[in-house]
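What follows is one structure encoded as structure tokens, with my remarks underneath.
The values are calculated or read from the model by the stated rules, or taken from the named source; none is laboratory data. All of these numbers come straight from a predicted model, not from anything done at the bench. Neighbour counts are summed over all protein chains in view; Cβ atoms, including those assigned to glycine, are modelled from backbone coordinates with ideal geometry. These accessible areas exclude ligands, DNA and RNA; they are computed on the full protein's heavy atoms, side chains included. Shrake-Rupley method; radii C 1.70, N 1.55, O 1.52, S 1.80 Å.
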Amino acid sequence: MEEDKKSPPTASPPVGAWGMPAGTPAAPASRPTLPPAPAPVVPPAEPAFPELRPYDRERELREREPMRDIVRPERTETVQRALHDDRLPDERRHVVTSEGRSARGRGWLWFVMLAAALGAVFAATSTADFVEHLDGQLHEIHCSINVAADQVDGESGCAMAMFSPYSSFFRASMWGGVPVSLLAFAVFAFLAALALALALKKDLTRRDTLFMLLASVLPVATSAVYATISATQLGAFCQVCIGIYIASGLVAILSLVAHLRAWPGEGKLPWGRWALWFGEGVLVVGLVLGLYVAWVPSERPSVDKGCGALVEEPGDESFVIALPSEPGAIPSLEVLDPLCNFCRAFDKRLTASGLDKKIARRVVVFPMDTCVPNDMIRQRRHPGACTVSYAMLCAPQSAQKILDYAFAEQERLLELGKTNDAALKADLEQRFPEVKGCIGSAKAKAELTKARNWAARNALELSTPQLFVDGTQVCPQNTDLGLEFTLTRALERAGYKGD
Amino acid sequence: MRFVTYVLPLLLGVAVPGVAIGAWLGDAKTNLDVSETAPKDVVRASVPEGGYCSVELKQIVRRVAGACGLLGGRGCQPTDASNVVKLSANDFNQLFLPLKHRVRIIQFDQSKTELDEDAKHAVEEAWGDRGMARFFFVVSRASPEGSVEKNRELSAVRAQAVLDHLMEVYKDPDIQKQVGLLWLGEEFAQLPKEFCEWNRSRTGECNEADINRSAFIAWIDCSI
């Protein structure tokens, strides 16, 4: 039997690097060179890397939405060359695929979303506290970075910030104004939603994250401004506000990281998309603002009616102390205690609002301390207030300075008054020599007693401060958040003709 | 995908804050309506009354304030006082017993109406010890030597001397509205010797005649 005469098997040509036939001059062993770019796109007959699926252009087009940067031949070639680039570590080769490209940076956007949501929580907490005070009463407020912590009562950095003129806009035309934290709430909510949208976007590139990064500048800049105001004007920081500052910083930093990690993308900047997002952001803030203005309670009879009128105006009584005032100012009467913290806070708000220049302030001291025998004040709520009041009555021309000093050193003077009234008297005499020998004298006591009797004849409330404009009392619930609005209306009724 | 990219930020950005502020403002309106209409229960300033303010004392003080001392005319005569309170002399003096620590007895020499230095000092001290009182009461007397008319006049001038001294020292027109004068002469409510133990402008020996050449002065806290 004859064996099939077959031609001896032809040996496959030996394969060198890059699938090239042997005999080709080898590239230097240390650095393989890239083959010259073939002109036509021809799938190799035998793939050099059989484990990789051959690139199928048509399949790519079918599976993905048409994107110009994928269907361009040069883009396909770049992908192809990168896939075969031995210089790239294995784990990086996959990211240059279209699926891997869009995954870059997305994970960081989830963190951006969380940071923005955190900012929204802090801003919402601050807004909720503000809105709670729209009834004019005193409530506890949140004053901790841990928003779940107990609310605090009384004076705190958060209360100072909330009752300051910097906490809201348009205070003269709306009771309490529009809280700044409401706008922050809207901005953070939008940023969180935008970060979520970008994180879900399949073809995320740096052209998208750049907008996110630029948008994060707004809360950072605003935080910087308000932190400066807190430090320089208020002298205290609000814990919840600090939370907002931190969240703003996190949003910016994480946006930057997401931007750097994102696929660069090519082509012009997507101005149209950016304009749409910007418009949406403005619309969000505008709508939230509009909802607030529309729904905020506005029926407040106490603003115009006041809380009663004086039965007996003090006139030019010797116990009434006239503070310096501007020409044309509307007469007002303030019943205050120089060692009362509410009086100090009220004085700060009045000064910060600029309305102190529109009223001619006359003061009747009403210390919440037992000053004379059988005094109507039986409990020493502010020990030492009598002594400071005597000083103001002894030297009316220095009363403003004495009052400013009492407000500035209030805690120390209260402590002195509690423990050593003689030392308090000495302190005042040393600082204001014109009151020496008068504090506690029969003359000073007589003046204070007149003031007390005047208060009794008018049946004044045993509380301070009290403000009377043109003889009508400004209701206490309208002297904090609603001060600018209420006082502006009172001045209009009284015929104030200034600016 | 377009929904997620372009609509989601707008929807969530408005919905989340919108729902929250809607709820908060609803509560705020309810609280405001309550606070604006609720009656305010506040403590008000008033002149506290001393424990000695009996009905009879108030009647005396009111009479002096209303018709005898403050509203035109100066001082009341003894018959007015006794008509007002319908008290015996002893009962009248008993009204002032609770004021022992506040009263100062300004003493005069026999048939004299001038205040000596100790008397002036005592008047000023009493005036400074006002507390919350609104009314400064001066009840002057004369000892029984001399005629009734002379003693009545003497006691009237002694009461006026106290007022004049206050006006001279303090120069306050309000004093006129705060001081009430009641002169009793020798006719009504002579003080017994026990009153020598009270706060007098003079130290040393004291008998019934000495204590009745006097003006009884004190701030009164009673609301009349």
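Can you list residue pairs whose Cβ atoms sit under 9 Å apart, with the first residue in the stretch B:25-36 being more than 7 Å from chain A (Cβ to nearest Cβ) and the second being open to solvent by 70 Å² or more (accessible area, probe 1.4 Å)? Count only pairs 6 or more apart in sequence or on different chains.
B:GLY26/A:TRP295; B:ASP33/A:GLU299
Out of A:LEU218, A:LEU213, report the one residue that is in contact with a helix residue (DSSP H, G or I) (Cβ under 7 Å, 6 or more places away or on another chain), open to solvent by 60 Å² or more (accessible area, probe 1.4 Å), part of a helix (DSSP H, G or I) and away from every other protein chain (no Cβ under 13 Å). Write out each step before concluding.
Working: A:LEU213 fails: open to solvent by 60 Å² or more (accessible area, probe 1.4 Å).
After ruling out the rest, the residue left standing is A:LEU218.
Mind listing whichever residues of the stretch A:163-185 are modelled with pLDDT under 90 and open to solvent by less than 20 Å² (accessible area, probe 1.4 Å)?
A:SER164
In this structure, does B:TRP183 turn out to be closer than 30 Å to A:ARG457 by Cα, touching a residue at least 60 places away in the same chain (Cβ under 8 Å), open to solvent by 10 Å² or more (accessible area, probe 1.4 Å) and not charged (D, E, K, R)?
Details: closer than 30 Å to A:ARG457 by Cα: yes; touching a residue at least 60 places away in the same chain (Cβ under 8 Å): yes; open to solvent by 10 Å² or more (accessible area, probe 1.4 Å): yes; not charged (D, E, K, R): yes.
Spelling it out, B:TRP183 is indeed closer than 30 Å to A:ARG457 by Cα, touching a residue at least 60 places away in the same chain (Cβ under 8 Å), open to solvent by 10 Å² or more (accessible area, probe 1.4 Å) and not charged (D, E, K, R).
Just give me the residues in the stretch A:276-307 being open to solvent by 40 Å² or more (accessible area, probe 1.4 Å) and within 24 Å of B:LYS40 (Cα to Cα), in sequence order.
Listed by number, the residues that qualify are A:SER298, A:GLU299, A:PRO301, A:ASP304, A:LYS305, A:CYS307.
Can you name every residue in the stretch A:468-478 that is buried (at least 21 other Cβ atoms within 10 Å of the Cβ) and among the β-branched types (Val, Ile, Thr)?
Of everything in the stretch A:468-478, those that are buried (at least 21 other Cβ atoms within 10 Å of the Cβ) and among the β-branched types (Val, Ile, Thr) turn out to be A:VAL469, A:VAL474.
Looking at A:CYS394, A:CYS343 in this structure, which one is touching a residue at least 60 places away in the same chain (Cβ under 8 Å) and in contact with a Ser or Thr (Cβ under 8 Å, 6 or more places away or on another chain)? Don't jump to the end; show me each part of the working.
Details: A:CYS394 fails: touching a residue at least 60 places away in the same chain (Cβ under 8 Å).
Going through A:CYS394, A:CYS343 in turn, the sole match is A:CYS343.
So which residues in the stretch A:456-467 are more than 7 Å from every other protein chain (Cβ to nearest Cβ), outside any loop (DSSP other than H, G, I, E, B) and either open to solvent by 10 Å² or more (accessible area, probe 1.4 Å) or over 10 Å from A:VAL335 (Cβ atoms) (or both)?
Of everything in the stretch A:456-467, just one residue is more than 7 Å from every other protein chain (Cβ to nearest Cβ), outside any loop (DSSP other than H, G, I, E, B) and either open to solvent by 10 Å² or more (accessible area, probe 1.4 Å) or over 10 Å from A:VAL335 (Cβ atoms) (or both), namely A:ARG457.
Of the residues that sit in the stretch A:445-455 and are within 7 Å of chain B (Cβ to nearest Cβ) and either of a type in the set (Lys, Arg) or closer than 14 Å to A:ALA309 by Cα (or both), which one is surrounded by the most Cβ atoms within 10 Å (Cβ to Cβ)? Let's see the steps before the verdict.
Keep residues of the stretch A:445-455 that are within 7 Å of chain B (Cβ to nearest Cβ), which gives A:445-446, A:449, A:452-453, A:455.
So of that shortlist, the ones also either of a type in the set (Lys, Arg) or closer than 14 Å to A:ALA309 by Cα (or both) come out as A:445, A:452, A:455.
Working: A:LYS445: 20, A:ARG452: 26, A:ALA455: 22.
Going through the qualifying residues, I end up with A:ARG452.
I'd like the full set of residues that are buried (at least 16 other Cβ atoms within 10 Å of the Cβ), basic (Lys, Arg) and modelled with pLDDT of 85 or more, limited to the stretch B:120-150.
B:LYS120, B:ARG141
All but one of (1) away from chain B (no Cβ under 14 Å); (2) loosely packed, with under 13 Cβ neighbours inside 10 Å hold for A:LEU256; which doesn't?
(2)
Identify the single condition in (1) modelled with pLDDT under 95; (2) open to solvent by 60 Å² or more (accessible area, probe 1.4 Å) that A:ALA262 does not satisfy, given that it satisfies every other one.
Going through (1) modelled with pLDDT under 95; (2) open to solvent by 60 Å² or more (accessible area, probe 1.4 Å) one by one, A:ALA262 breaks only (2).
Take A:VAL372 and tell me if it is within 14 Å of another protein chain (Cβ to nearest Cβ), among the hydrophobic types (A, V, I, L, M, F, W, C), touching a residue at least 60 places away in the same chain (Cβ under 8 Å) and surrounded by fewer than 16 Cβ atoms within 10 Å (Cβ to Cβ).
no
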